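Following: one structure in structure tokens, then a few remarks.
The values are calculated or read from the model by the stated rules, or taken from the named source; none is laboratory data. Keep in mind it's a predicted model, so treat the numbers as computed, not measured. Please note: Cβ atoms are built from the backbone with ideal geometry, for glycine as well, and neighbour counts cover all protein chains shown. SASA here: full protein model, heavy atoms, side chains in, ligands and nucleic acids out. Shrake-Rupley method; radii C 1.70, N 1.55, O 1.52, S 1.80 Å.
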Amino acid sequence: MSLQKTVEMKENRRQEMDRMNSRIKALMTERGLTQKQVADHLSQSSQSVCDKLHKRGSWTARDYAALADLFDVSVDYLMGRTDCRRPAGRKES
């Protein structure tokens, strides 16, 4: 793999994390949830959630699923792949 391709992949990953963290923060604000409450839902420490929101840690697939359930949105929405909050076949409320 070329150096340019590696740099592009890292930049794409950084942009994905920025989008996801922005969406999570917006949903937390919208729902009036604290990092502690989100951490409790994920069975993690507040520091772990803080680290992930500030890009000092990485969300896992399990985190994605739990956050999607908590906020009643699709994982694709969290990841910035779509602006539709609900999975296909589920109606917006």
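Does region 54-64 contain any residue that is within 19 Å of Ala26 (Cβ to Cβ) and in contact with an Asp or Glu (Cβ under 9 Å, 6 or more places away or on another chain)?
Yes, that holds for at least one residue.
Hand me the list of helices (runs of 4 or more DSSP H) wholly inside the chain holding 2 or more residues that are among the charged types (D, E, K, R) and open to solvent by 80 Å² or more (accessible area, probe 1.4 Å).
In the chain, the matching helices (runs of 4 or more DSSP H) lie at 3-31, 35-42, 61-71.
Within region 34-53, track down each residue that is farther than 17 Å from Ala65 by Cβ and not basic (Lys, Arg).
Selection gives Thr34, Gln35, Gln37, Ser45, Ser46, Gln47, Cys50, Asp51, Leu53.
For region 56-65, enumerate the residues that are modelled with pLDDT of 95 or more and more than 10 Å from the chain's Cα centre (by Cα).
Arg62
Any residue in region 14-38 that is closer than 15 Å to Gly57 by Cα and in contact (Cβ under 8 Å) with a residue 60 or more places away in the chain sitting within a Cβ distance under 7 Å of a residue that is open to solvent by less than 60 Å² (accessible area, probe 1.4 Å) and assigned to a helix (DSSP H, G or I)? List the pairs, counting only those 6 or more apart or interchain.
Listed pairs, sorted by first residue: Met20/Leu78.
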